[in-house]
Each structure stands twice: as structure tokens, then as C-alpha cells.
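The values are calculated or read from the model by the stated rules, or taken from the named source; none is laboratory data. Just so it is clear, the model here is predicted, and its values are computed rather than measured. Counting neighbours? That spans all protein chains shown, and the Cβs are built from the backbone with ideal geometry, glycine included. Areas reflect the complete protein model, heavy atoms only, side chains present, ligands, DNA and RNA absent. Shrake-Rupley method; radii C 1.70, N 1.55, O 1.52, S 1.80 Å.
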Amino acid sequence: MNVAEAPEPELLRDPESYARLLEHVREAVLQGVPGPRPPRSVVSDSWNRSLAARVDPDEGEAPFVFDTEALASLREAHPLAPVLPVLRQMLVSIADDAEHVMIVTDADGLILWREGETAQLLRGDRVGLTEGTRWSEAAIGTNAMGTALATGEPVQIHSAEHLVRRYHTWTCAAAPVRDPETGVLLGSIDVSGPLRTVHPAMISLVTATAQLAEGQLRAHLAVRDERLRRVNMPHLESLRGRPGALLSAGGRVLAAQACLLPSTVDVRRGGGTVALSDGRLATVEPLAEGYLLRLSAGGAGQRSRLRLGYLSDGAHSTTVDGREVPVTLRHAEILTLLALHPNGLSAERLALQLYGETGNPVTVRAEIHRLRSQLGAQVVQTRPYRLAADVDADFVRARTSLRTGSPADVLRVFRGPLLPESEAPAVREERESLTAQVRQVALNSEDPGVLWSFWETACGADDLAVLDALLETLPAADPRRAAVSAHRARLA
């Protein structure tokens, strides 16, 4: 969740003078004449949407759409109801102290809950800022709640940035909340108050609160998933080892056996045959809760695609059939060694390469078992241990480029050392050998572009020979030369 474009610094220095400036800006835009300055882009876009929805800038007011009785049932069924205690804990006391009210809406901008100090609640009543009213942009124009829902990003709206005049004495900040399972908008969290109470931290506060609410929803979802797995596991076990999976009601994969699947399967109500993103066909059978997926026999034998991105100054990346799979450093080391030995390795040889003379094959077998459970038996096979997928490993491509490619080709692949945190003997040896060869290719090239690419990696950053070669090859007018010279001086 990104923080939307922030209000101008003048707002924090003198909110009332800034409000008068915004009034002049608004009037100029509505009259179609040049103003003292343009509105913020997030505000300008919102005004355009609001005017297109025929919101009256001078007489508009939030429509009242649900009475107390109807609202009670909506609240009870709404997905944000379980996290309301967290929102109260985070925002209500702060809102009271700052003379604000905390508001929670649904995805259509309907105010479901509103809490705060009594005087501010009464002040909100006078302008329709109350439960049961709708605050979407289409209903009442630019406002923090409606605009956060329209853009999907946190936003702060101050004074005359509200399109409708009656809200010019208010300042507000809101952030959207999304369903962790589907990603769809559930509603927004807003803090609104009098003009003089504007504070730069308010948008950060509502953003953090929205993220906390989404975290709570994810925790609740994890509990439901675990219960569903326990209840439905006998259905998966009934496949007797054949490829299949348990799915949630929304199609998320909760458990799988003998196959690797995307994180979500597009299921239709009632089940039936579905096509997976890689072309495989599967049959989806409705259960009391969720679904049982059976992978068609024709698709079960298709080779998976394993991509290893391990040449990096930062985190390593492992994807299977386009889906990123988080693996530990130890598992990344195993995948590296298996990719370097396509014919496979025994438990004893793999233990030696991972741990040295103290390696234990029993430990390796346990790690392979965990890795197969995570990636699938069709990716990592046994007797000997080997990769049965189509492998695209950047460190293998770098090796190939050293033999067949140009220096530029080599540096396009080599973006950093191989698993720089690894202490596995064979991985460390491969890393040092590959880095040394790439370094020599860069130095021999006498090409400033190639040298610069190597210098940008962790391997070349403090290499004096590389820095000197850059200073010799970069033209005097090249702006990169100054950066290299300054770094060379710091090292000296």
C-alpha cells in the first residue's frame, strides 16, 4: 500500500492561510480561469470524476441511505466487523485527543461505524458525517474516504480540496482496506476533524492502521484455512497419491500432493473441468466447504519450469511454472548444486558439497524431503537426487556466456555474486571461480560499459583495478567518471 501524494508543506505551517489559497484554486478551476496554482493531481483527478458524476459543488450533501435497523445487519455481516476492536485500539483514543472522529466505511463509501468525542460527533451530524450516509465520490464528491476507495491508495484531503463547499471546514485522511484472500476492496478507514487539527502524521497513522487490519484479516484467514484443511484432508488422501489438491471456496490452494499448482485456481460455482494457467486440465469437485481438485492424467507428466535467480547482491529468487516459491538459503544451495550437476548427486556427495567433511547424508535426506514437499516431487527427484524440471539458472547462463558470448553478454547475466551468504564449500568455490572469471573478462574488455556494469555489483564496488580501468577508459566528459574518481579517492 503506497502513501498517496501528500498535501503541500504550507498546509503544516499555516493551515488556515493554506485553506484560503485552496478556496481560490477551487473557484478558478470551477470557473475555468487561471488560478494561483494548480490543485494536487490526486485532487484534480477526483474533482473531474466527481463533476462527471454530477455532484453539486455548492449544494451537495452526503445522502442518507440506511437507517439504524438496516445498518445493524450490514455491520454484522461485513468482513471488517472482526477487526473493529483493533481499529478502536489504534485510532479512537487518538481521535478523541485530536478532536477527530474515526470512521469505517464499506467498499461503496457507506459509513458503517463512527466513533469519537461527543462534541465532534455532533459536529459531524450537522454535515451528514454519520452512520448510514454514503461518502463515495459519486455521491458527495472529493473526500478522503471516497477518494481512497476510488484510487485504492491512502489520501489526505484538506479544506477546499473537498469539492462540496459545506466540508471546507474539515480535514481528513483515509486508507483503503483489502481482502487478503481476493484483493478486493472491503472499505476504508478514515480520521476526520476540524480544519485547525490537521497533522502530517495522520495519513501515516490511518495507513498503518489499515495495514494492521489487513494483517488481522490474514490471521483470521489462516485459522479458517487450517480448519478447512483438517476437515477436508480425508478427501485428498482418498486420491491415494494421485495428483490433486484441496481448494478454498475462492479457489486458493490449501494443500496439494504430487503436483505443483498456482496459488489460486479459477473455479466456477458447482465445479467441473478447469484449465490451469500452464494448459493442464483438472477436475474440480465441490465439497461441503471448498473444493477437491483432481489433476487430469494427461497433464500430470508435463515437465515443470524451474527458474533460479541466484546472482544478486540481495535476495535470491526461485520460481516454479511462473510462481515464486520462498526457499531457505540451505534449499537454494541444494538447488544450485543440483543445477550444476544435471546427472544428479548421491546423498553422500551432496552432503560433502554442502557441509564439507563433517556432512551427514541423513541431514541431506531430511532437507531433500522438505524441499520436495515445497516444490513437488516432479521438480526434485531421488536416486540420485536431481532436478527433473526444465531449469533456467542465471549462474549456469553466466557460465555459458563466458564460453560463447561477448563481455557485454556476460555482464547482462552476471548481476552479483552467487548466493553471497552461502558458506557451503562447493557453492563458495563456484562463486569465487565465477566472479574471478567475470572480473577478468571485464578488465580484458577495456569497454567502459562492461567495466561499469561489473563495478555496480558487490564484487566490483571496491576493486581498485576495476576503478583504475574505468578511469582509463571513460571519456573526460562522461559524468560517470566523477563518481568513479570520488570513490577511488575514498578508498585511497
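Would you rank ARG165, ARG303 by solvent-accessible area, highest first, keeping every protein chain in place and using a 1.4 Å probe?
ARG303, ARG165
Keeping every protein chain in place, order TYR167, TYR355 by accessible area at 1.4 Å, biggest value first, i.e. largest first.
TYR355, TYR167
Using only Cα atoms and rounding to the nearest 10 degrees, what angle (0 to 90) does helix 394-404 make with the longest principal axis of the chain?
50
If I take R0 = 30 Å and measure r between the Cβ atoms of HIS220 and THR118 in this structure, what FRET efficiency does the formula 1/(1 + (r/R0)^6) give, to the nearest 0.05?
On the way: r = 32 Å, r/R0 = 1.07.
Once the sixth-power term is evaluated, E becomes 0.40.
Calculate the tail of P(r) for the chain: the fraction of all Cα-Cα distances greater than 45 Å, expressed in %.
For the chain, the share of Cα pairs beyond 45 Å comes to 40 percent.
Placing +1 at every Lys and Arg Cβ and -1 at every Asp and Glu Cβ, with all other atoms neutral, what dipole size does the range 334-492 have around its Cα centre, in debye to the nearest 20?
It comes to approximately 480 debye.
How fast does the range 321-457 diffuse by Stokes-Einstein, in µm²/s, taking the Kirkwood radius from C-alpha pairs at 4 °C and 1.567 mPa s?
This corresponds to a translational diffusion coefficient of 81 µm²/s.
Counting Lys +1, Arg +1, Asp -1, Glu -1, what net charge surrounds ASP463 among other residues with beta carbon under 15 Å of its beta carbon?
-3
From largest accessible area down, sort HIS331, HIS369; use a 1.4 Å probe on the protein chains.
HIS369, HIS331
How much accessible surface area, in Å² rounded to 10, belongs to the heavy atoms of LEU491 with a 1.4 Å probe?
Approximately 70 Å² for this residue.
Report MET102's accessible area, 1.4 Å probe, all protein chains in place, as a number in Å² to the nearest 10.
0
Among ALA389, LEU470, THR404, whose Cα projects farthest towards the positive end of the dipole of the range 368-492, with charges put on the beta-carbon of Lys, Arg (+1) and Asp, Glu (-1)?
ALA389
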